[in-house]
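FYI, it's all coordinate maths here, none of it is from the lab. Keep in mind that this is a model prediction, so the values were computed, not measured. Positions of Cβ are backbone-derived with ideal geometry, glycine not excepted, and every protein chain shown enters the neighbour counts.
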Amino acid sequence: MMNDGNATLNQLKEEVHKLCLRKGWGVEGVQDPQHVAMAMTVEMSELLEHFQWLNPEDVQALMAGRDPERVALIAEEFADVMMYGLQLARTLGFDITEQVLRKIDIVDHRPPKPYNPVR
Ligand SMILES: [Mg+2]
């Protein structure tokens, strides 16, 4: 069984591509990246909906593992966001790992922001 510990992002890109082929989505399983980017924000909103109107105690319960039902709903929407992200990276031909590491380096080396972000 694939999981975060043994799967590669390339494998996941291909799993999403195979789903698109099975479903007949896009041209030969490749959907318009503009549409994919827009769909990604819709899925991000669906993820955020599960946080809407939570009070700090609710968030603490999530973090402490006391609300597994809500975590499952969040995880499912996260998967939708991630699947579009994987599709976007595959279609536009960029390497997710290279881009994340590049961005970490950029953030690491840029001057601090003039405000203190909330923890
Ligand atoms: Mg969704």
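Computed on the chain, with alpha-carbon pairs under 8 angstrom and 6+ residues apart, the relative contact order is 33 percent.
With N counted as the residues of the chain, its alpha-carbon radius of gyration over 2.2 N^0.38 Å works out to 1.28. Each other residue within a Cβ distance under 14 Å of LYS13 adds +1 if Lys or Arg and -1 if Asp or Glu, for a net charge of -2. Here is how the number arises for the chain: DSSP H runs of 4 or more residues each give -39500 (n - 2.57), the sum is divided by the residue count, and the result at 222 nm is -22000 deg cm²/dmol. When the chain is treated as a GNM with alpha-carbon contacts under 10 Å, the residue of ASP108, ASP32, ASP80 showing the greatest mean-square fluctuation is ASP108.
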